[in-house]
Structures are given as C-alpha cells and as structure tokens.
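The values are calculated or read from the model by the stated rules, or taken from the named source; none is laboratory data. These figures come from a predicted structure and were not determined experimentally. Cβ: placed from backbone, ideal geometry, glycine included. Neighbour counts: every protein chain shown. For accessibility, only protein heavy atoms count, side chains too; no ligands or nucleic acids. Shrake-Rupley method; radii C 1.70, N 1.55, O 1.52, S 1.80 Å.
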Amino acid sequence: MRRVLLLLMTLFMIFSLFVGCTKEDTAIQETGSNELSNEANEANENHEANEEDSDNNNSNETSNNYTALADEVIVEDESVTFVDALDQEVTIQKKPERVICLFNSYLDLWYLSGGEVIGRIESRDKVPEGAMEAEIVGTMTSPNMEKIISLEPDLVILRPGMRGQSEIIPILEENEIPYLGIEYDNLEQYLYAIRLFTAINERDDLYQKNGLDITKQVEEIVNKVPKDEEPTVLLMFASTRNVSVKFQNSFVGDMLHDLGTVNIAYDAQLTNEEMEVFSMEKVIERDPEYILVQTMGDVDNIKDKLIKDVESNPAWESLTAVKEGKYIFLPKDLYLYKPNEKYPEAYRGLAEILYPDTF
C-alpha cells in the first residue's frame with residue numbers, strides 16, 4: 001500500500017511539473033509579441049481553420065455536401081419552387097417557351113438541361129449552337145430592357161450579383177415578367193442550377209447525365225486525394241491590367257479546397273470578396289508550394305506584365321514553387337470559364353498537378 005501511495009505521489013509531481021512548464025511556455029508565447037505580430041497570429045488561426053475545412057472536404061461524405069442545395073428544389077406537376085439568390089421563395093411554371101438568358105454560363109447550363117432561348121446577351125465566347133440565332137438583348141452589364149420587353153418573354157434568367165442585372169429586376173416585376181435569379185460559383189451550386197433547370201424543362205434524364213453523374217466522377221477524384229498531404233497554394237488572377245490573388249470562395253479556389261490544399265491567402269475568411277491586390281511581401285512570407293495562375297486576355301501579354309510587375313522582384317526566384325517548377329498557368333477553357341459538364345476534367349487536371357504520384 002505504501003509503495004502504491006509513493007507511486008501516485010511521484011506521478012502527481014511529474015504531472016504538476018509538466019503543467020507548470022506548459023503554462024510557462026504559453027506565457028512566453030503570449031508575451032513574445034516582438035517575434036509574432038498580431039497579423040501573423042490571426043493568419044495562423046485562419047490557416048488552422050482552413051486545415052479543418054480541408055479535412056472535412058476530404059471525408060467520404062462529399063455527396064451530401066454537393067447535393068444539399070439541389071435536394072431543396074421542390075418539383076410539382078406543373079411548377080418548380082426554390083429559394084433564389086435574393087433569398088426569396090420563387091415558383092416558376094414548367095416548360096417556358098420564350099426564355100431570355102442574360103448570363104453566358106447560365107446559357108450553357110440551360111442548354112445542358114434541355115432548354116432553348118429566344119434572347120441572349122452579346123458574347124465573344126462560344127455559345128451553344130442552338131442559341132446562335134437568338135436575339136441579342138444588350139450586354140451582360142447593360143441589358144436592353146426595351147428589347148427584352150418587346151420579345152414578351154415568359155422567363156428571364158439572370159445573375160442578381162452582376163452589375164447591371166439587379167437593377168432591371170424592378171422593371172421585370174413591373175411588367176409581370178417572371179425571372180430566375182441564381183448565383184453559381186462552385187460544384188454544389190452547379191448541381192443546384194442543373195437540378196433547377198432540368199426540373200423546369202422536365203428533363204430528369206439530363207439531371208442524371210449532366211448533374212449526378214458529373215458529381216459522382218468528381219467525388220471519385222476527391223476521395224483519391226492523399227489525406228496526409230495539404231499542399232499550400234497561391235492562386236493568382238492575371239490580366240493585362242493587373243494581378244490579383246484569388247480566394248477560396250472563387251470557383252477554382254473552391255476546387256482547390258476540395259482537393260485538400262491550403263490557400264495561402266487564408267485571410268479570405270475575413271471577407272466576402274473573391275480576390276485582393278497581389279502582395280509580394282505576403283507571398284514571400286508564406287512561400288507556397290504551388291503558384292497557379294488564371295489568365296484573362298492575351299496570355300503572351302499577360303506573361304510580359306507578370307515579368308515586369310512580379311517576376312522582376314529578386315525574391316521571386318527564391319520561392320519554393322518557382323524553384324521547383326510548380327509555377328503553372330491554367331488553361332482558360334477549364335479554369336477561366338466555368339467548366340460545367342467538364343468539372344471532372346477540371347478537378348483531375350488540378351489533382352494531377354498537386355498529387356502526381358497519385359494521379
């Protein structure tokens with residue numbers, strides 16, 4: 001009995017010593033403000049939050065995440081009810097015959113869902129073949145309301161968050177023109193849009209083909225991602241005018257998050273914006289393993305601007321991603337424009353960059 005008491009007392013003393021050392025270390029860390037600024041501490045906290053998010057996205061329950069919004073669409077015999085981007089419950093009659101679409105990514109989705117349009121906006125990009133002869137009703141940011149009203153549409157598809165489109169909603173309401181306003185920035189919202197559009201067009205077969213089957217292929221890719229790796233990534237957006245940093249809440253940023261990466265611009269957790277001004281100082285401080293670049297415009301001219309504004313900095317060559325050949329320009333067809341039915345190809349392309357030994 002005495003030996004047992006002595007053993008317990010010894011263990012208690014060791015435990016007390018351990019706790020005391022831990023408290024002392026914590027006190028040193030808390031008072032060592034000269035070595036770690038408040039900004040860095042905040043960044044580390046956000047970094048840890050992103051790591052937890054990555055773990056969640058790497059789980060085998062990805063299907064629940066991707067289908068959550070789509071499952072909320074209510075399909076009746078003659079109508080479809082949903083909550084739109086303005087957080088309003090909306091009911092749309094099925095099989096509209098005179099549809100106008102004011103956003104090209106949605107135009108593509110509408111045709112993938114078995115729909116057709118009589119009106120669309122100007123576009124220098126490829127549009128679905130069936131929409132080539134549709135009437136032009138202005139531009140994305142300046143829809144021509146006079147033209148739209150004259151076409152007597154029974155549905156207008158728009159993006160409320162786009163400049164110039166939210167402003168026309170009161171006019172549509174005044175003229176009793178039904179409108180469908182959604183936002184689409186990631187795979188979950190893509191699946192939601194496909195579910196909504198195919199339900200309106202009564203094409204459940206296309207929801208399976210261009211929605212659920214696409215999502216299943218993405219899940220297979222995501223579930224192959226090594227769980228013990230979390231590569232750090234800088235996602236840049238470059239045009240001939242400026243260079244920005246893209247956050248996780250952009251569609252490519254969201255794909256990278258699903259693939260288990262940590263976006264070094266984790267300050268994005270503090271804002272709803274999709275990008276911020278490029279900061280060489282922060283990039284050097286966080287030294288990403290990969291630098292991926294989305295481009296808009298002439299790629300050769302963009303590369304010239306990057307050489308002038310970014311790569312000319314002597315510290316650029318010291319970055320891990322640059323030294324190891326992981327400074328990569330992403331193809332526009334998959335990573336500038338929404339990939340839609342090519343989502344599996346887009347995910348796989350990123351996975352092959354990030355995990356060459358697995359993919």
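Between the beta carbons of Glu229 and Asp304, assuming R0 = 41 Å, the FRET efficiency works out to 0.75 to the nearest 0.05. Considering only the Cα atoms of the range 133-268, their convex hull presents on average a projected area of 11.5 nm².
For the range 66-221, the orientation-averaged shadow of the C-alpha convex hull comes to 8.9 nm² (one quarter of the hull surface). In order along the range 177-191, phi translates into HN-Hα couplings of 9, x, 9, 10, x, 9, 10, 9, 9, 7, 5, 4, 6, 4, 5 Hz, rounded to whole numbers, per the Karplus curve 6.51 cos²θ - 1.76 cosθ + 1.60 with θ = phi - 60° and x for Gly and Pro. Please work out how much length the chain gains when fully extended from Glu146 to Gln208, using 0.36 nm per residue of separation minus the C-alpha to C-alpha distance, in nm with one decimal. Full extension of this stretch gives 18.5 nm more. Once a ≥ b ≥ c are taken as the square roots of the eigenvalues of the Cα gyration tensor of the range 281-359, is the result rounded (a/c under 1.5), prolate (a/b larger than b/c) or oblate (a/b not larger than b/c)? Judged from the Cα gyration tensor, the range 281-359 comes out oblate (a/c at least 1.5, b/c at or above a/b).
Amide H contacts under 5 Å for Lys94: Ser79, Val80, restricted to partners 5 or more places along the chain or on a different chain, H placed in the peptide plane at 1.01 Å from N. Within the straight-line cut-off of under 22 Å between alpha carbons, the lysines reachable from Lys326 are Lys224, Lys227, Lys246, Lys282, Lys303, Lys305, Lys308, sequence neighbours fewer than 8 places apart in one chain being disregarded. Averaging the sequence gap over all C-alpha pairs within less than 8 Å and six or more residues apart, then dividing by the number of residues, gives the range 77-139 a relative contact order of 25 percent.
Prolate is the label for the range 210-359, because the ratio a/c of its alpha-carbon gyration tensor axes (a ≥ b ≥ c) is 1.5 or higher and a/b is greater than b/c.
Among the protein heavy atoms of the range 172-216, carbon and sulfur supply 39% of the accessible surface, probe 1.4 Å, non-protein parts ignored. Residues whose amide H lies under 5 Å from that of Thr232, counting only those 5 or more places away or on a different chain, are Val262, Glu289, Tyr290; hydrogens are built 1.01 Å from N in the peptide plane. For GluC sites (Glu not before Pro), the sites in the range 321-359 that DSSP calls loop and that have at most 10 other Cβ atoms within 10 Å are Glu324.
For a paramagnetic label modelled on Asn242 (point 7 Å from Cα along Cα→Cβ), amide N atoms under 12 Å away are absent within the range 330-356.
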